[in-house]
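Beneath this line is the structure, given in structure tokens, with notes to follow.
The values are calculated or read from the model by the stated rules, or taken from the named source; none is laboratory data. Here the structure is a predicted model, which is why all the values come from computation and not from measurement. Here the Cβ is made from the backbone with ideal geometry for all residues, glycine too, and neighbour counts use every protein chain on show.
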Amino acid sequence: MKYFTKEWYDEMQVSGFLAFHETVEEWEEELAYYKEEGIDYEEINRRNLEDIRADLLKFLPEPFYPYIQDGTISTGFPSLELREMAKQWEREHEARLEALGDEYSRHYDSIKNRLPAGAIQLMEQSLHDATVISVEKAQEEMLIIKLDCSGGFHYFTDIQLTFTGVTEADIPTEFAGAWWLYNEIYLTEHGFELHVLFDSPMVEAKIIAQDVTIKIMD
């Protein structure tokens, strides 16, 4: 993938991690709620920090490092300095996301009229948050992916993607439960090259095919 890569996704998770409470009162209210529920909120934050520490050190500039290393980036109400640094980084991150999105939109618009109708439908009727039911390499040059879209943004039922004229299918066949996150598409001489970023497990899949049809399953 060129645009919506695993690294791009990981950086978005860092952005989410830096979503601090705006006021001390909000912080204290949340602490009180979790305490009432018998949940150690600060311990959860410490565990979350350990899970994302490597990415914080990878994507955030050095002034953040002391807060990451001593844990104060996720424990207690953040200092004014930390909140201001986070806001500045977030502004820069949002600008990068917007620029990348605009670049991909220009790319897609430049090839859309030469894509098969099924590929256009796949790109424009979002499969974000659909979950994989099965992946089947049914026969030579054919790939079938069944998806549960009940928790997604379109279809809201099970669908079947049937790729034909397949010359490459770099996607696990034991893949049930994986989440379809983001996709991007490229034009090839005889069809298209589709890239999809999945989660659980995190996989960048690639399918090169001549056509694709989308069928709503009964």
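I'd like to check which strands (runs of 3 or more DSSP E) are fully inside region 157-207 and have at least 1 residues that are touching a strand residue (DSSP E or B) at 6+ places or on another chain (Cβ under 6 Å) and closer than 18 Å to D129 by Cβ.
On the way: elements: 158-164, 168-170, 179-187, 192-199.
Output list reads 158-164, 179-187, 192-199.
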Can you tell me how many residues in region 139-150 are surrounded by fewer than 17 Cβ atoms within 10 Å (Cβ to Cβ) and assigned to a loop (DSSP other than H, G, I, E, B)? 3
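Just to be sure before I move on: is I214 hydrophobic (A, V, I, L, M, F, W, C) and either over 28 Å from R106 (Cβ atoms) or touching a helix residue (DSSP H, G or I) at 6+ places or on another chain (Cβ under 8 Å) (or both) in the structure I sent? Spell out how you get there, then give the answer.
On the way: hydrophobic (A, V, I, L, M, F, W, C): yes; either over 28 Å from R106 (Cβ atoms) or touching a helix residue (DSSP H, G or I) at 6+ places or on another chain (Cβ under 8 Å) (or both): yes.
So I214 fits the description; yes.
Does at least one position in region 86-101 carry a residue that is farther than 30 Å from T5 by Cβ and free of Cβ contacts under 8 Å to residues at least 40 places away in the same chain?
Filtering region 86-101 for residues farther than 30 Å from T5 by Cβ gives none.
For region 86-101, residues farther than 30 Å from T5 by Cβ and free of Cβ contacts under 8 Å to residues at least 40 places away in the same chain: absent.
Specify which of the listed residues (Y9, Y67) is surrounded by 15 or more Cβ atoms within 10 Å (Cβ to Cβ) and under 30 Å from I171 (Cα atoms). Give the steps one after another, and end with the answer.
Numbers: Y67 fails: under 30 Å from I171 (Cα atoms).
None of the other options fit; the residue is Y9.
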Take region 1-23 and flag every residue that is assigned to a helix (DSSP H, G or I) and of a type in the set (A, V, I, L, M, F, W, C). W8, M12, V14, F17
Please go through region 108-143 and pick out each residue that is more than 15 Å from T213 (Cβ to Cβ) and in contact (Cβ under 8 Å) with a residue 40 or more places away in the chain. Y108, I111, R114, H128, D129, A130, T131, V132, I133, S134, V135
Report, by residue number, each residue of region 27-67 that is β-branched (V, I, T) and in a helix (DSSP H, G or I). I44, I52
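A86: in a strand (DSSP E or B) and among the small types (G, A, S), yes or no? Write out each step before concluding.
Details: in a strand (DSSP E or B): no; among the small types (G, A, S): yes.
Judged against the criteria, A86 is not a match.
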Conditions first: (1) surrounded by 20 or more Cβ atoms within 10 Å (Cβ to Cβ); (2) out of contact with any Gly (no Cβ under 7 Å at 6 or more places or on another chain); (3) within 28 Å of E7 (Cα to Cα). I159 passes all but one, so which condition is the exception? (3)
Here is a list of conditions, (1) aromatic (F, W, Y); (2) buried (at least 19 other Cβ atoms within 10 Å of the Cβ); (3) out of contact with any helix residue (DSSP H, G or I) (no Cβ under 7 Å at 6 or more places or on another chain), and F153 meets all of them except one; can you say which number that is? (2)
Out of everything in region 126-138 that is surrounded by fewer than 19 Cβ atoms within 10 Å (Cβ to Cβ) and of a type in the set (G, A, S), what residue ends up being modelled with the lowest pLDDT? A138
